[in-house]
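Engineer: Have a look at this one before I ask anything.
The values are calculated or read from the model by the stated rules, or taken from the named source; none is laboratory data. Small disclaimer: the values here were computed from a predicted structure and weren't measured. No Cβ is skipped: glycine too gets one built from the backbone with ideal geometry, and neighbour counts run over all protein chains shown. With ligands, DNA and RNA removed, areas are computed over all heavy atoms of the protein, side chains included. Shrake-Rupley method; radii C 1.70, N 1.55, O 1.52, S 1.80 Å.
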2 protein chains.
Amino acid sequence: MDAKRSSRNLMKLPEPTVERLSEYRRSLLQCLEQGKTHIFSHELATLHHNTAVQVRRDIMFIGYSTNQRKGYDVRELIDVIGSILDSGKSLNIAVVGMGNLGSAITAYFLGKRSKMDIVASFDVDPQKVNREFSGILCHPMSALKDIIREMNISIAIMTVPADSAVEVANLLDEAGIKGILNFTSIPVKVSPRVYLEDYDMITFLEKVAYFVKHSTRQNVSPSKI
Amino acid sequence: MDAKRSSRNLMKLPEPTVERLSEYRRSLLQCLEQGKTHIFSHELATLHHNTAVQVRRDIMFIGYSTNQRKGYDVRELIDVIGSILDSGKSLNIAVVGMGNLGSAITAYFLGKRSKMDIVASFDVDPQKVNREFSGILCHPMSALKDIIREMNISIAIMTVPADSAVEVANLLDEAGIKGILNFTSIPVKVSPRVYLEDYDMITFLEKVAYFVKHSTRQNVSPSKI
DNA sequence: CTTCTGTTGTTTTTCATTTAACAAAGCTAA
DNA sequence: TTAGCTTTGTTAAATGAAAAACAACAGAAG
């Protein structure tokens, strides 16, 4: 069932692979800054706590290959991953809820990736409305639907208090948003049209706690070169 | 290979299962607040965008069962999940780096879970040292090793700037930390003894972006009841 | 009392992802 | 030039998780 992937990025990649590719790129960009032009599969593997085989397989997946044995060309690899992850049009993003977390995230993302731009933010607090946070203008909640349409925003980052999570999610859904990254600890329901990713930090912390307690586990597989 | 799991929580659970259990508990706690005493498998499933079968299988995994057909007893289920996730001693946590993100996270976690306490924070900035953030005292970076030992801290949340990530990770490693939740966009190396979870928000955002673009995908499986 | 419906618990099957094994090819050095 | 080492690319096996199918059982309704 090897559905032809001759021409790049036509096929849909499995979720874990997409995640890893994003991580690889992050490291590759860093390598570039340090003037590193080539990188071996096992180097990338070490950086991301998995195996060299896994890295090669991922890279094969996206159709890149080098015939050199000096490792992968960093620049080229970044471009190929980019052609998969960024494919085509760039997406506009909004941050909803400009509390501590919201403004931290806005500052954090700023200019980290082309092809993904935070273009607006929202809050109920009149103190915050019409102010800029990290250069991004904060709009009143009441304007949410209109602005999302006008500015062609397709992804929302939800950083509102728990008790308004459901309400806000509904608003976003109605406004025709395409994807939501939910930082709230509340599970929300949206129409199946919307891609929803729940991102609860407590869950991750509990995961770490669990494996710390059952600490026979290693975070690196022993077969790693 | 059904390795006996007669007595609860002896066996190590797979990572995805641990993640889901944590998420279930979050919703269950919410149900409790709303006065809901029983919950069906398909209700939990809807809340978490997976199937009723999956929920039942997870619950079976941890050895809980109800003979009633009124659904699971919310209170009991919370306790059983707790006995797995919180098993035994409670863990002390430190936040390293009290910038925007660090203080946001500190405030966010506050009192959300027993059995996991943020007990200290650290920063290089003299302006921040000796102040309290959300009731947690901020210590100078130089005291990191000592405090970690004194206060028996086993998990660190890393929210420092990118360029000091590696250095801080080494410090934590040397101090004998058991688990690290890395919010930095830099991959760090630690000894295999340490459980490391990288938590890059950009990766998640890129994942959402990818699947928004390839939007044939549904976020809920159609076979969900 | 019996039947029917709705829900759970377990086993089996299917599927996807990871791991391993192997083949090919380029650089290096003798 | 050739032998050997190192690294990649591909195919095949194994593992692990999700889905489906099925069995059991409690309560409701008639």
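Engineer: Label position 7 Å from Cα toward Cβ: report the copy-to-copy distances for B:R149 in nm, one decimal, ordered from shortest.
Structural biologist: 6.4
Engineer: Any idea of the total accessible area buried by the B-A contact, 1.4 Å probe, rounded to 100 Å²?
Structural biologist: Looking at B and A, the buried total is near 7500 Å².
Engineer: Largest first and to the nearest Å, give the Cα extent of the protein assembly as shown along each principal axis.
Structural biologist: The Cα atoms of the protein assembly as shown stretch 61, 55, 52 Å along their principal axes.
Engineer: Now for a separate question. Looking for one value pair here: nearest-to-axis residue in chain A (by Cβ) for the rotation onto B, and the distance in whole angstrom.
Structural biologist: Per the A/B rotation axis, the closest residue of A reads A:A104, 2.
Engineer: To test your reading of the geometry: what angle, between 0 and 90 degrees and rounded to tens, separates the Cα axis of helix B:165-174 from the longest principal axis of chain B?
Structural biologist: 80
Engineer: Let me ask something additional. Is there a pair in B:K112/B:K189; A:K12/B:K207; A:K145/A:K189; A:K112/B:K128 whose C-alpha atoms are over 20 Å apart, and which pairs would that be? It would help to have the intermediate numbers written out before the result.
Structural biologist: Working: B:K112/B:K189 30 Å; A:K12/B:K207 12 Å; A:K145/A:K189 18 Å; A:K112/B:K128 27 Å.
Correct reply: B:K112/B:K189; A:K112/B:K128.
Engineer: How high is the relative contact order of chain A? Use alpha-carbon pairs under 8 Å, at least six apart in sequence, and give a whole percent.
Structural biologist: About 15 percent, as a whole number.
Engineer: Given the protein chains as shown and a 1.4 Å probe, how many square angstrom of A:T51 are accessible, to the nearest 10?
Structural biologist: So the heavy atoms of A:T51 present about 30 Å² to solvent.
Engineer: Rounded to the nearest 500, what is the protein assembly as shown's calculated 222 nm mean residue ellipticity when only DSSP H runs of at least 4 contribute -39500 (n - 2.57) each, over all residues?
Structural biologist: Theoretical 222 nm ellipticity from helices: -12000 deg cm²/dmol.
Engineer: If I fit a long axis through the Cα atoms of helix A:100-109 and take the longest principal axis of the Cα atoms of chain A, what angle between them do I get, 0 to 90°, rounded to 10?
Structural biologist: Once rounded, one gets 40 degrees.
Engineer: Between the label point of B:P192 and that of the same position in each other copy, find the distances and list them shortest first in nm, with every label point placed 7 Å from Cα along the Cα-to-C-beta direction.
Structural biologist: Shortest to longest, the spacings are 4.5 nm.
Engineer: Report in % the part of the accessible area of chain A that belongs to carbon and sulfur, leaving out ligands and nucleic acids; probe 1.4 Å.
Structural biologist: After summing per-atom areas, the C and S share lands at 51 percent.
Engineer: Same structure, new question: To the nearest µm²/s, what D does Stokes-Einstein give for segment B:15-83 at 10 °C and 1.306 mPa s, using the Kirkwood radius over alpha carbon pairs as Rh?
Structural biologist: 135
Engineer: Moving on. Need one value: the accessible area of B:K178 in square angstrom, 1.4 angstrom probe, rounded to the nearest 10.
Structural biologist: Approximately 100 Å² of B:K178 is accessible to the 1.4 Å probe.
Engineer: Same structure, new question: Taking only the alpha-carbon atoms of segment A:91-204, what semi-axes of the equivalent ellipsoid follow from 5 times the gyration tensor eigenvalues under a square root, in whole Å, largest first?
Structural biologist: 19, 16, 15
Engineer: Additional query: Can you give the accessible area per residue of segment A:91-204, in Å², using a 1.4 Å probe?
Structural biologist: Value for segment A:91-204: 40 Å² per residue.
Engineer: For segment A:41-170, what relative contact order do you get, as a whole percent, if you take Cα pairs closer than 8 Å and at least 6 residues apart?
Structural biologist: 22
Engineer: Something else about it: Considering only the label points, 7 Å along Cα→Cβ from Cα, what distances in nm to one decimal separate A:D73 from the same position in each other copy, shortest first?
Structural biologist: Ordered by distance, the counterparts are at 6.7 nm.
Engineer: If I take every Cα pair under 8 Å that is 6 or more residues apart in segment A:15-85, average their sequence separation and divide by the length, what percent do I get for the relative contact order?
Structural biologist: 39
Engineer: How big is segment B:12-127 in terms of Cα radius of gyration and Dmax, in angstroms?
Structural biologist: 17.1, 60
Engineer: Per q in 0.17 Å⁻¹, report the Debye log10 I(q)/I(0) for chain A, using one uniform scatterer on each alpha carbon and no solvent.
Structural biologist: -1.25
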